[in-house]
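What follows is a short report on a single structure.
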Amino acid sequence: MKDSFRNKMNGFETVNPKPGKGGTPSLGKLIAIVAVVVVALILVTGSFYTIKEQEQAVLITFGQAKAVTEPGLHFKIPLVQQVKKVNTTIQGFTIGYDAKTDASYEDEALMITSDYNFVMVDFFVEYRFSDPVKAIYASQEPVAILKNISMSCIRNVIGSYPVDDVLTTGKNEIQAAIKTMILDKLDQQDLGIQLVNITIQDSEPPTAEVMEAFKAVETAKQGKETSLNNANKYRNEQIPQAQAAADAIIKDAEADKAKRINEATAQVARFNAMYEEYIKNPEITKQRMFYEAMEEVLPQLKVIIESPNGNVQTIYPVESFTGTTSNN
C-alpha cells in the first residue's frame, strides 16, 4: 500500500538539493549578506550630514573641535568624526513670569528702587549663539548663565532709578542701561552666546501683602540706622569732651610741674646767694636771717636793745632791715 501511494505521488515528488550545490543559499550566508548591507548603509549614511540655514555645526575629530558654518551637505569620516549642531536662530526666555501660564514669579520680578519703593517688573530676553564651539565647550549651561547675569544687571539698574521712572517714563533708558551692562559682562565671560535685546514686558506695584512685609523690613532697617546714627553722634560728642578734659588735666599738670620747678630753682638760687653772703660775713648773715625770720613770724615786732649800763634804747624796727616800712 505504501508502494502504491508512493508511485502515485511520483509526479509530485521533489528532492531537496544538497547545500552549496546550485540550490538556495544557507542561513549563515543570508545573515552575512544582511550584515554587510547594514554596515554599508551605516557607513554611507554616517558619512554625510546636513546643516540648515539657521544652524551651525561643530565637527569633532579625536577631541579637536572645528566650526562648520556653511549650510548644505557636508562629508565626515564615519565612526571617527562626530557632529554637534547649534541652533543660531534668535531665541528667548522670560524673567519674572511664565510665558505659557502668565503666572508671576515674585522672587524674580520683585525689586526695590532707589527711593525705597517696591515694583514688580517682567522682562523678556532675546539671544542667539554666535560661536558654536564656545557655546558647546565654554560652559555646560550658557543660557542659565545669561539668565543669572541678566537678573543681576536688572536689579542693579532698577535699584538706581526712582519708582516713577520704572513705572512710567524711564523704561527705554532702563532697558538701554541693562543691555549695556549685560553685554559688558558677556564679553568678559566669552560664552559664545550673544544678547540680542532685552525688553520690559510689564511693571507694576507689588501686592499689598508683599508691600507690608517689605515696609516692615524697611522700617526695621531704618530703626537700626537711626540707632547707629544716635550712637555714633553720642560717641562723637563724648570723645572730644573726654579728650578736652584729658588735655586740660595734662596742661594743668604740666603748669604745676613748671611752677614747682621754677620755685625750686628760685629757692636754690636764693640759698646759694645767701650761702655766698654767709661765707663772707657769717655773723651778719645770721642776724639778718634771724631778723627776716622774726619779720615773717611777728611782722609788727620792734627790736629793743638794752645797753649794759642800763640805758634802754629802741632801734629801728625790723622792717628797716628788709627795706619795708613799718605801720607803727
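The values are calculated or read from the model by the stated rules, or taken from the named source; none is laboratory data. These numbers were taken from a predicted model, which means no experiment stands behind them. All Cβ positions, glycine included, derive from the backbone under ideal geometry; neighbour counts span all protein chains shown.
Each residue in the stretch 124-151 was checked for being more than 25 Å from the chain's Cα centre (by Cα) and under 25 Å from Val166 (Cα atoms), and 4 of them qualify.
Out of curiosity, is Leu27 at pLDDT below 75 and of a type outside the set (Ser, Thr, Tyr)? Considered against the rule, which asks whether it is at pLDDT below 75 and of a type outside the set (Ser, Thr, Tyr), Leu27 comes out as no. Just name the residue that is farthest from the chain's Cα centre (by Cα) out of those in the stretch 238-281 that are within 20 Å of Ala293 (Cα to Cα) and among the acidic types (Asp, Glu). My answer is Glu277.
Looking across Leu186, Leu167, Leu195, Leu146, one residue alone is over 20 Å from Tyr97 (Cα atoms) and either hydrophobic (A, V, I, L, M, F, W, C) or modelled with pLDDT under 95 (or both). It is Leu186. Take Glu209 and tell me if it is part of a helix (DSSP H, G or I), surrounded by 10 or more Cβ atoms within 10 Å (Cβ to Cβ) and either modelled with pLDDT under 80 or not assigned by TED's automatic domain parsing to the domain that holds Met120 (or both). It is false that Glu209 is part of a helix (DSSP H, G or I), surrounded by 10 or more Cβ atoms within 10 Å (Cβ to Cβ) and either modelled with pLDDT under 80 or not assigned by TED's automatic domain parsing to the domain that holds Met120 (or both).
Restricting to the stretch 165-195, what's the tally of residues that are buried (at least 19 other Cβ atoms within 10 Å of the Cβ) and in a helix (DSSP H, G or I)? Adding up the residues that qualify gives 6. For the stretch 61-81, taking the residues that are of a type outside the set (A, V, I, L, M, F, W, C) and part of a strand (DSSP E or B), the one that is nearest to Ser130 (Cα to Cα) is identified as Lys66.
Taking the stretch 134-183 as the range and being acidic (Asp, Glu) and either under 30 Å from Lys66 (Cα atoms) or touching a helix residue (DSSP H, G or I) at 6+ places or on another chain (Cβ under 6 Å) (or both) as the test, only Glu141 passes.
The single condition from (1) free of Cβ contacts under 8 Å to residues at least 60 places away in the same chain; (2) of a type outside the set (Ser, Thr, Tyr); (3) surrounded by 13 or more Cβ atoms within 10 Å (Cβ to Cβ) that Phe75 fails is (3).
Scanning the stretch 108-133 for residues that are closer than 20 Å to Lys171 by Cβ and out of contact with any helix residue (DSSP H, G or I) (no Cβ under 9 Å at 6 or more places or on another chain) turns up Ala109, Phe124, Glu126.
Please enumerate the residues belonging to the stretch 126-157 that are outside any helix (DSSP H, G or I) and in contact with a Leu (Cβ under 6 Å, 6 or more places away or on another chain). Hits for the stretch 126-157 are Tyr127, Ala138, Ser139. Looking only at the stretch 44-60, residues that are at pLDDT below 80, in a strand (DSSP E or B) and of a type in the set (S, T, N, Q) come to 1 in all.
Every condition in (1) within 20 Å of Ile95 (Cβ to Cβ); (2) out of contact with any Phe, Trp or Tyr (no Cβ under 9 Å at 6 or more places or on another chain); (3) not aromatic (Phe, Trp, Tyr) is met by Gln194 except one, and the failing one is (2).
Table: residues versus (1) under 30 Å from Asn87 (Cα atoms); (2) acidic (Asp, Glu); (3) within 24 Å of the chain's Cα centre (by Cα).
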{"position": "Ile158", "(1), (2), (3)": "no, no, yes"}
{"position": "Val163", "(1), (2), (3)": "no, no, no"}
{"position": "Thr180", "(1), (2), (3)": "yes, no, yes"}
{"position": "Ile193", "(1), (2), (3)": "yes, no, no"}
{"position": "Ile200", "(1), (2), (3)": "yes, no, no"}
{"position": "Ser203", "(1), (2), (3)": "no, no, no"}
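Taking the stretch 78-108 as the region of interest, how many residues are surrounded by 15 or more Cβ atoms within 10 Å (Cβ to Cβ), under 34 Å from the mean Cα position of the chain (by Cα) and free of Cβ contacts under 8 Å to residues at least 24 places away in the same chain? Of the residues in that region, 1 qualify.
Every condition in (1) in contact with a helix residue (DSSP H, G or I) (Cβ under 9 Å, 6 or more places away or on another chain); (2) closer than 30 Å to Val217 by Cα; (3) of a type outside the set (A, V, I, L, M) is met by Tyr105 except one, and the failing one is (1).
Counting the residues of the stretch 94-125 that are closer than 12 Å to Gln201 by Cβ and part of a strand (DSSP E or B) gives 10.
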